[in-house]
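S.K.: Have a look at this one.
The values are calculated or read from the model by the stated rules, or taken from the named source; none is laboratory data. Computed from a predicted structure; not experimentally measured. Glycine also receives a Cβ, built like all others from the backbone with ideal geometry; neighbour counts cover every protein chain displayed.
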Amino acid sequence: MYKESTCISKLQIERRKFKPVLPDILKKGVSFIKPVKGKATNSAVNQDDLRGIFKNTYGLPEITFKKGVNKDITKKSLKVAVVLSGGQAPGGHNVIAGLFDGLKKTNEKNVLIGYLGGPSGILENRYKLISEKMLCNYRNTGGFDFIQSGRTKIETPEQFCLTKDNLSNSKVDALVIVGGDDSNTNAAMIAEYMRKENLNKFIVGVPKTIDGDLKNKYIETSFGFDTATKIYSELVGNICRDANSSRKYWHFVRLMGRSASHVTLEVGFKTQPNIVLIGEEILANKMTLAEIVESIVSVVVKRAQDGKNFGVVLVPEGLIEFIYEIKKLISNLNDVLAENTEIIARFNSIEEKKEFIYAKLPKEHSDLMKSFPVEIASQFMLDRDPHGNVQVSLIETEKLLVEMVQKRLLELEKVHKYECKFSAITHFFGYEGRCGIPSNFDANYTYALGYNAAMLILNGLTGYLSSVRNLVRPPKYWECGGVPLTMMMNIEKRHGSDKPVIQKALVDLNGKPFKKFMKSRDKWAVSESYVFPGPIQYFGPSELTDMITRTLQYERS
């Protein structure tokens, strides 16, 4: 009798049986799916600069798949490679499954390989041949452990040349890059390089990030956002219930999302805590750190006056970069670090580094940095990520806020002669959400994204991001196609130099989700409107298993 491995949970065994629902348009078979080209596209900004960088791939038309006879579809067998790039997100394995099934349904001789360990696997030519026997254990599961991921960036002339040689030597016809904005910028650069070298290799991206900041008219959400926000909402809901039970602690919860507050806003909708800080609003209003602290203190005091010395505060991971004065500090700090890399590397202690940096920064910024608790100031000095960004996940913003709120309350007590009990507990939820078993939505969405990526490749398209739209409707009605990667780009400063990157989608302060939030937050502040969403539901009525994010509901209503 066959025994399951003890490493596999009963839920995972049951999830293997889940059959993702494919959009009707993709069920027709590739010979009956016709790519319809739209108008030539432009980037929203920096058009001349980007046209100069992407001489061979700029201005590609949008692609929409429609029913119709497709006489141009390739009949020859293809060898396709897939690579997972950047941080994990629930559903990555289903992208591979959709890609595999789409290729095999078209031609059993089509081959799929997976580069191991992210883009470094391309440079080191490390890969494995993917078979159904290997893949079946990973369908509908979380994580990227099937082929692993990595954050190596392919950007130097030598790396592009090595990529070309390894793809050519391995007879790879197409490469699918699954990643976020930086990883898909990489995809655009590789597509451009291959065209420049007159190589007939197709490069397609798939939109992945739990942060939710890779989206636009054609990419309604990135995969993993739905699952991750449901996981975080369960945890925050549990904390809300605990706060309402013990009634003696303020919980400050930092949530993943370095460049945008989408995760925090969505978890706010799902749990309705007392305070939800939105970085984009703080930046737009040019709020100082002191003003943010004052806004929190006003709610703490008001609740204390009602005998409620407890509450829950949600803090976006990237808040520190949205505070106007600190945003300017970080920009200057990044420049100083980039310009003095070798000198700084010689220092033996963090204190020596700080003293050197203080002398290089404008006085207003060095004074601001010196005002931070010693531990927080040191966290600003930590090594940047591979893209030159501050590693904000290592800056404990929630602890900084707690310390400053405590200090401000003591000042108010001396003036107003009242006592406000304030006892705080801090949390950071990040990695907890990245590898969860994907929700039904993400399981369906990622499978469709992968299958759709196969259709783009089979039609000889390169420089595109797999696009599956109309997501508020059941999966059978989803619309499929491709959006040119260059269409989503702008120019940003990275490591002190201007670089082309896919533009991040921030929380739209004029959008429906944020306006909905504004109507509710004053009530949340003073009452216990807490919602306890509980864990993700995989089985049961559709109202529970197939819920989409509030963000999508409000945006597409």
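S.K.: How many of the residues in region 365-384 are assigned to a helix (DSSP H, G or I) and under 18 Å from E321 (Cβ atoms)? Before you say what the answer is, go through the steps one by one.
M.R.: Step one: of region 365-384, the residues assigned to a helix (DSSP H, G or I) are 365-371, 374-379.
From the residues that got through so far, the ones that are under 18 Å from E321 (Cβ atoms) too are 365, 368-369, 371, 376-379.
Looking only at that region, the number is 8.
S.K.: For region 478-487, check the following and say yes or no: at least one residue is out of contact with any strand residue (DSSP E or B) (no Cβ under 9 Å at 6 or more places or on another chain), among the acidic types (D, E) and either in contact (Cβ under 8 Å) with a residue 12 or more places away in the chain or within 21 Å of A260 (Cβ to Cβ) (or both).
M.R.: Checked against the condition, which is being out of contact with any strand residue (DSSP E or B) (no Cβ under 9 Å at 6 or more places or on another chain), among the acidic types (D, E) and either in contact (Cβ under 8 Å) with a residue 12 or more places away in the chain or within 21 Å of A260 (Cβ to Cβ) (or both), region 478-487 yields no hits at all.
S.K.: Would you point out which residue out of G87, G102 is touching a Phe, Trp or Tyr at 6+ places or on another chain (Cβ under 8 Å), of a type outside the set (A, V, I, L, M) and surrounded by 19 or more Cβ atoms within 10 Å (Cβ to Cβ)? Steps first, answer last, please.
M.R.: Values: G87 fails: touching a Phe, Trp or Tyr at 6+ places or on another chain (Cβ under 8 Å).
From the options G87, G102, the qualifying one is G102.
S.K.: State whether the residues of region 19-26 include one that is farther than 26 Å from R469 by Cβ and not in a helix (DSSP H, G or I). If you could, list the steps in order and put the result at the bottom.
M.R.: Applying the first criterion (farther than 26 Å from R469 by Cβ) to region 19-26 yields none.
For region 19-26, residues farther than 26 Å from R469 by Cβ and not in a helix (DSSP H, G or I): absent.
S.K.: Still on this structure: Has region 399-406 got any residue that is part of a strand (DSSP E or B) and hydrophobic (A, V, I, L, M, F, W, C)? Explain how you work it out, then say what you get.
M.R.: Our first condition is that a residue be part of a strand (DSSP E or B); within region 399-406, this holds for none.
Looking through region 399-406, none of the residues is part of a strand (DSSP E or B) and hydrophobic (A, V, I, L, M, F, W, C).
S.K.: Considering only region 151-172, I want to know if a residue exists there that is of a type in the set (A, V, I, L, M) and surrounded by 24 or more Cβ atoms within 10 Å (Cβ to Cβ).
M.R.: Of the residues in region 151-172, the ones of a type in the set (A, V, I, L, M) are 154, 162, 167, 172.
Add one more test, that the residue is surrounded by 24 or more Cβ atoms within 10 Å (Cβ to Cβ), and what stays is none.
No; the residues of region 151-172 include none that is of a type in the set (A, V, I, L, M) and surrounded by 24 or more Cβ atoms within 10 Å (Cβ to Cβ).
S.K.: Let me ask something additional. Cβ-Cβ below 7 Å, separation at least six or inter-chain, first residue in region 339-356 and not assigned by TED's automatic domain parsing to the domain that holds M369, second exposed (fewer than 14 other Cβ atoms within 10 Å of the Cβ) and of a type in the set (D, E, K, R): which pairs?
M.R.: none
S.K.: Among the helices (runs of 4 or more DSSP H) lying completely within region 247-364, list those that include at least 3 residues that are crowded, with 22+ Cβ neighbours inside 10 Å, of a type outside the set (F, W, Y) and modelled with pLDDT of 95 or more.
M.R.: Values: elements: 262-271, 279-284, 289-305, 319-322, 324-339, 341-345, 350-360.
Qualifying helices (runs of 4 or more DSSP H): 262-271.
S.K.: Of a type in the set (A, V, I, L, M), surrounded by 15 or more Cβ atoms within 10 Å (Cβ to Cβ) and part of a loop (DSSP other than H, G, I, E, B) - does that describe any residue in region 36-55?
M.R.: The first filter runs over region 36-55 and keeps only residues of a type in the set (A, V, I, L, M), leaving 36, 40, 44-45, 50, 53.
Remaining after also requiring surrounded by 15 or more Cβ atoms within 10 Å (Cβ to Cβ): 50, 53.
Next, only the ones that are part of a loop (DSSP other than H, G, I, E, B) stay: none.
No - not one qualifying residue is present in region 36-55.
S.K.: If D213 satisfies every condition in (1) part of a helix (DSSP H, G or I); (2) among the charged types (D, E, K, R); (3) within 21 Å of the chain's Cα centre (by Cα); (4) assigned by TED's automatic domain parsing to the domain that holds A89 but one, which is the exception?
M.R.: It is condition (1) that D213 fails.
S.K.: Given the criteria over 20 Å from T209 (Cβ atoms), out of contact with any Cys (no Cβ under 7 Å at 6 or more places or on another chain) and crowded, with 24+ Cβ neighbours inside 10 Å, does L116 qualify? Step through it out loud before you land on a result.
M.R.: On the way: over 20 Å from T209 (Cβ atoms): yes; out of contact with any Cys (no Cβ under 7 Å at 6 or more places or on another chain): yes; crowded, with 24+ Cβ neighbours inside 10 Å: no.
It is false that L116 is over 20 Å from T209 (Cβ atoms), out of contact with any Cys (no Cβ under 7 Å at 6 or more places or on another chain) and crowded, with 24+ Cβ neighbours inside 10 Å.
S.K.: Moving on. What tally of residues in region 204-216 results from selecting those that are closer than 12 Å to S183 by Cβ and among the aliphatic types (A, V, I, L, M)?
M.R.: Filtering region 204-216 for residues closer than 12 Å to S183 by Cβ gives 205-209, 214.
Those left that are additionally among the aliphatic types (A, V, I, L, M): 206, 214.
Looking only at that region, the number is 2.
S.K.: Could you give every pair whose Cβ atoms fall below 7 Å, whose first residue belongs to region 44-67 and is in the same structural domain as K201 (by TED's automatic domain parsing) and within 21 Å of K499 (Cβ to Cβ), and whose second residue is among the basic types (K, R) and part of a strand (DSSP E or B), counting only separations of at least 6 or pairs across chains?
M.R.: Hits for this filter: zero, empty list.
S.K.: At pLDDT below 95, outside any loop (DSSP other than H, G, I, E, B) and out of contact with any helix residue (DSSP H, G or I) (no Cβ under 7 Å at 6 or more places or on another chain), is that true of D165?
M.R.: Taking the combined requirement at face value, the residue does not satisfy it.
S.K.: If you scan region 515-541, which residues turn out to be closer than 25 Å to G436 by Cβ and either of a type outside the set (S, T, N, Q) or modelled with pLDDT under 95 (or both)?
M.R.: Of region 515-541, the ones closer than 25 Å to G436 by Cβ are 517, 530-541.
Passing the criteria: F517, Y530, V531, F532, P533, G534, P535, I536, Y538, F539, G540, P541.
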